[in-house]
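Comments concern the structure below.
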Amino acid sequence: MRECHGIPGEFTLEGRKGWCLVSSEKHTDVQKRPQAGFSRRGFIRGVGLGGGAVGATIFQSTAEAAPPAPAALGPGEVAITLSINGKEHKLNVEPRLTLLDALRERLNYTGAKKVCDRGTCGACTVLLDGKAVYACSILAIDAQGRNIQTVEGLSQGSELHPVMRAFVNNDAQQCGYCTPGFVVAVKAFLDENPKPTYEQVKDGLGGNLCRCGTYVGIRKAVLEAAQARR
Amino acid sequence: MPEYKWPAMNARRVMGQPLDRVDGPDKASGRAKFSTDIKRPNMLYGALLTCPHPLARVRSVDVHEAEKMPGVRAVDVISGPGTEIQWAGTEVAAVAADTYQQALDAVRRIKVDYEILPGHLVNEADLGKAQAANRAKPAGEVVSGDPDTAFKEADVVSEGEYGIPVLAHCCLEPHGQVIAWDGNQAEFFATTQAVVAIGNDLAKGLEIPADRVHVRQDHMGGGFGSKFQAERWGLAAARLSRAAGGRPVKLHLDRRTELEIAGNRPSFFGKIRLAAKKDGTITAWESTTWGTGGIGGGGLSAALVPYVFTKIPNKRVNHTAISTNCGGARAWRAPNHPQVSFLTCAAMEDLAAKMKMDPLELFLKNVQFTARPEVYAAQLKKAAEMVNWSKNWHPRGEGGKGPVKRGLGIGIATWGGLGHNSQCRTTIHPDGRVEVELASQDLGTGTRTVIHQVAAESLGLRVSDITVKIGDNRYPVSGSSGGSTTVGGVSASTRKSTLNALEKLFEIVAPALGAPANQLEAVDGRIQVKGNPAKSIAWRDACKKMGVSPISAMGENDQRNPMGLIDQGVGGVQIADVSVDTETGIVKINKIAVVQDCGLIINPKTAESQCLGATIMSICGALYEERIMDDQTGRFLNADMEFYKLAGIKDIGEIEVHLDIAPHHDGRGVIGLGEPPVVPGIAAISNAVANAIGVRVPRLPMTPDRVLAALERRKA
């Protein structure tokens, strides 16, 4: 398996093609690439088991709004600005640093969790311009100029977001480690599907994994949150 | 001494309520801090170098270049020259640096010279191969009754072969810690099932008194039996911290290492023969099983075989432990039970199929051989009713026309419980606040919530009036969370501690109410003369009478004397309803009916969540999970989450849980539910698939290729 950190161009990760950007100007054609046409689970099962379980957008790498960057960055640190939950953060990062590591280790936004670190499990899900993405699979430098929203940005003070409230009401969490990623994925799912059916819920949240087995509660929570948001 | 027994079922106000888990808002909002989220001033990041070879001797470890890399503050050699490596993934060295990326860069510069040793073995499915390699250690034959005669005289004899692979715990929060050790004191932010025991373990490794280790953990991201020890990486992180002048070091395993070495459960393969009379009564059992738990082999208590139906009169049991060059097994949620349940229930349904008998009837016919015939008979009937067995069951292989076949199958379980040793301290403050402290931990099971409910119940308060403090080894000592013993231990100690504190408060308040202390009760936020709300005082006013000194009282659960508050021994039955596409080999779960024996349920909501989660774990084991080892390289090929597959939200069908919350169960007291519901599901799903397609898929997980191969063999 080849990792994408810091090496420009097309790469293949476990049979799937993705793009790795060093200079975000170089590969604007990534926008034309399919971004959510297949899911982790749909892909693995090949023959169709769990078919169509399309989850969070994977390997999202559009760079449309990024500011102009030099032709090659790194390997040393570069100054970047990230807009997180409406607040601007200036920091110096190596170009290889993922958005997830920047959030967790540099800026102390620890809601997004590092579990698989390879765009599979969804525990690191955040919103990039309103779309759910895996923060482990995006470089921090490529998140510049984008509106990053983490789980911390969804609740207002001690007031829980309706999705969080629904997770609590339906005991849609046990150890709680996958929960913030799921909450963000559900928020994005409901933004796109305000009135989902039960079947759509099962199809739409295939991009997140839980080990304790909280899916029954999550299904109920999504439907309740959809109701509460109306 | 107060009477500690639980209030009558209909008199409880807080216990028995399906309350939301108290830490739910923190977890859902991302505020909950896990070990991996801890950030300390001047913290360094650690990374491990692990060995890529399954069998090798370390000739030398050269860390010079690594030490000179930018940001590196300390390097620790874990497996020095001469060390024999027994499995790939073994820890060789660790680095602490200013950033995680710098630590990874430095790890890549460590030069290890290995002498690759011949003769590694990583796969155990082929018993003959393991025997030829001299890696098989028989446990010795155990015979009871006269199996030879019983097989000779049997009306029917059935035979089958079954196999269930090694599964990894795959905790979402990886093992690891943030640790600061200055050579004297250690601050240890752990992810553990045992805040007390892990501190003691670390102290032993560092050769310091246990009270110099301060363990803290608010939340932990899954353990399932794999998180009890301080671990080699924990000791390495401590040494790195010391070498860096006591700066905190954060070191957690990456996903590959987590899967390779941080826990798995043993495989079981077996050939099973059953003898029976025409009416389905089993007369003899014979099993030859083998499995691996890593280099140490992997034992199986003969007492566990056959599972649940232990009183079958004539038995011959053989088990062989196979030593493999793989990361070692650890306790895994109901150790060995799911595997043995699968082997036993699969053999029983295969017998029923051979006799053209309804397996439900066969199970019912043989409940006489279990320790609790009435319980299992009632549970089998209840589960059958939940899936409409009489309408939906069909003889094996007669799943109708069309490519998609539906089937039903049965699985069965037993488990212990009771409660670990636990001490609890309750402090009532003059301003009315109540603090309840235990050095326990909440694995996500709801421990924190049930402690709140027990305390609130005892004191006549609400959950929101109680502050529960757990996850710190400086609180009163409580046991490790294993064996489903936590809820029993902490509920009993909390009950006793809160009542002991309340008794002291009654003595203070008694004069004001003009009644003896033993005639008072705490109800709905007041202290009153028993049955007389007119003679009462509000909780806060009562507490004011203490003056300035708080009241503090201990309570203890001694596992040798549970005093009727807790019990052990629960049965369980699950029936799976599946559809199998015989063209693609894909198995789809329609429904799983979960009937779980229980005692007193403190919180029906979190209790049900345990049953649901455990059942989903069984679906993972039946259909998706498998550690795949490469014979040549000796490596774990799918040590990631892309190919070490877990069920997703669409893969679990519908799950219906029946917890029989009733006075005759309630009277037994509290019994743990963490493990028992994870046992029967795999057996039930395997049997349902066999019922659907007419042939056993002998090896788990039942991936499409294995289902299609089984169908091919049937045609042949």
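The values are calculated or read from the model by the stated rules, or taken from the named source; none is laboratory data. Just so you know, these numbers come straight off a predicted model, no measurement behind them. Note: ideal-geometry Cβ built from the backbone for every residue, glycine included; neighbour counts use all protein chains shown. Ligands, DNA and RNA are stripped out before the accessible areas are found, and what is left, the full protein with its side chains, is counted by its heavy atoms. Shrake-Rupley method; radii C 1.70, N 1.55, O 1.52, S 1.80 Å.
So the values come out like this:
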quantity: Placed amide H near B:LYS535: partners under 5 Å, 5+ positions off or other chain; calculated: B:VAL529
quantity: Virtual spin-label span in nm between B:ALA303 and B:LYS544, 7 Å along Cα→Cβ; calculated: 5.9
quantity: Theoretical gain in end-to-end length, B:VAL143 to B:VAL404 [0.36 nm per residue, Cα-Cα removed]; calculated: 89.6 nm
quantity: Accessible area buried at the A-B interface, both sides summed, 1.4 Å probe (Å², nearest 100); calculated: 5300
quantity: Local electrostatic count, B:GLY245, Cβ distance below 12 Å [Lys/Arg +1, Asp/Glu -1]; calculated: +2
quantity: Mean separation of Cα contacts under 8 Å (6+ apart) over length of chain B, as relative contact order %; calculated: 16
quantity: Of the trypsin sites (Lys or Arg not before Pro) in segment B:542-607, those whose Cβ has at most 16 other Cβ within 10 Å and which sit in DSSP loop; calculated: B:LYS545, B:ARG560
quantity: Rounded, prolate or oblate (a/c below 1.5 giving rounded, otherwise prolate when a/b exceeds b/c) for segment A:92-214 by Cα gyration tensor; calculated: prolate
quantity: Under DSSP loop assignment and at most 16 Cβ neighbours within 10 Å, longest GluC sites (Glu not before Pro)-free interval of chain B; calculated: B:208-397
quantity: When each of B:LYS496/B:LYS605; B:LYS27/B:LYS496; B:LYS504/B:LYS545; A:LYS131/B:LYS605 is checked by Cα-Cα distance, pairs over 21 Å; calculated: B:LYS496/B:LYS605; B:LYS27/B:LYS496; A:LYS131/B:LYS605
quantity: Additional length obtainable on full extension of the chain from B:ASN42 to B:SER390, 0.36 nm per residue less Cα span; calculated: 118.6 nm
quantity: Added length on full extension, which subtracts the Cα-Cα distance from 0.36 nm per residue, A:ALA72 to A:ASP129; calculated: 18.0 nm
quantity: Buried on assembly, segment A:102-118 (at least 20 Å² less accessible surface than by itself, 1.4 Å probe); calculated: A:ARG104, A:GLU105, A:ASN108, A:THR110, A:LYS113, A:LYS114, A:VAL115, A:CYS116
quantity: Shape category assigned to the protein assembly as shown from the gyration tensor of Cα positions, a/c cut at 1.5; calculated: rounded
quantity: FRET efficiency estimate (nearest 0.05) - Cβ-Cβ, B:GLN519 to B:GLN185, R0 51 angstrom; calculated: 0.55
quantity: Net charge contributed by nearby residues that have their C-beta within less than 11 Å of A:ILE218 (K/R +1, D/E -1); calculated: +1
quantity: Share of carbon and sulfur in the accessible heavy-atom surface of the protein assembly as shown [1.4 Å probe, %]; calculated: 50
quantity: Label zone at B:ARG57 (point 7 Å along Cα-to-Cβ), backbone N below 19 Å, segment B:69-83; calculated: B:78-83
quantity: Within segment B:571-594: backbone nitrogen closer than 20 Å to the B:GLU712 label point (7 Å, Cα to C-beta); calculated: B:580-587
quantity: Total charge dipole magnitude, the protein assembly as shown, about the Cα centre, Cβ charges on Lys, Arg, Asp, Glu only, Debye to nearest 20; calculated: 800
quantity: Cα-based reach from B:LYS405 at 17 Å (exclusive), listing lysines while leaving out same-chain residues under 8 positions away; calculated: B:LYS391, B:LYS588, B:LYS591, B:LYS715
quantity: Cα centroid separation - segment B:116-140 against segment B:270-327, whole Å; calculated: 19
quantity: Partner aspartates and glutamates for B:LYS137 [C-alpha distance under 16 Å; skip if fewer than 8 residues away on the same chain]; calculated: B:GLU124, B:ASP126
quantity: Charge tally in the Cβ shell below 9 Å around B:LEU659, where Lys, Arg are +1 and Asp, Glu are -1, B:LEU659 excluded; calculated: -3
quantity: Solvent-accessible heavy-atom area per residue, rounded to whole Å², over the protein assembly as shown at 1.4 Å; calculated: 36
quantity: Signed unit charges on C-beta, dipole axis of segment B:371-500, positive-most listed residue B:LEU438, B:ALA456, B:SER491; calculated: B:SER491
quantity: For B:VAL213, distant residues with modelled amide H under 5 Å away; calculated: B:ALA186
quantity: Dipole of the protein assembly as shown, positive direction: furthest Cα of B:VAL387, B:ILE649, B:GLY547, with charges on the beta-carbon; calculated: B:VAL387
quantity: Whole-angstrom gap from segment A:193-211 to segment B:361-419, using each part's C-alpha centre; calculated: 31
quantity: 5 angstrom amide H check on B:VAL249, placed H, neighbours 5+ away; calculated: B:LEU44, B:ILE179, B:ALA180
quantity: Simple label model, 7 Å out from Cα along Cβ direction - B:ASP113 to A:GLN227, nm; calculated: 7.1
quantity: Cα-based Kirkwood hydrodynamic radius, segment B:419-557, one decimal, Å; calculated: 15.0
quantity: Inter-label distance, nm, simple model (7 Å from Cα along the C-beta direction), B:ARG560/B:ASN532; calculated: 4.3
quantity: DSSP-assigned coil residues among trypsin sites (Lys or Arg not before Pro) in segment B:341-421, each with at most 16 further Cβ atoms within 10 Å; calculated: B:LYS356, B:LYS401
quantity: Proximal aspartates and glutamates to B:LYS535, defined as alpha-carbon separation beneath 18 angstrom and excluding residues fewer than eight positions away on the same chain; calculated: B:GLU503, B:GLU507, B:GLU521, B:ASP524
quantity: For segment B:543-575 and segment B:157-188, distance of Cα centres in Å; calculated: 29
quantity: Computed helical MRE - 222 nm, chain B, DSSP H runs ≥ 4 contributing -39500 (n - 2.57), nearest 500; calculated: -8500 deg cm²/dmol
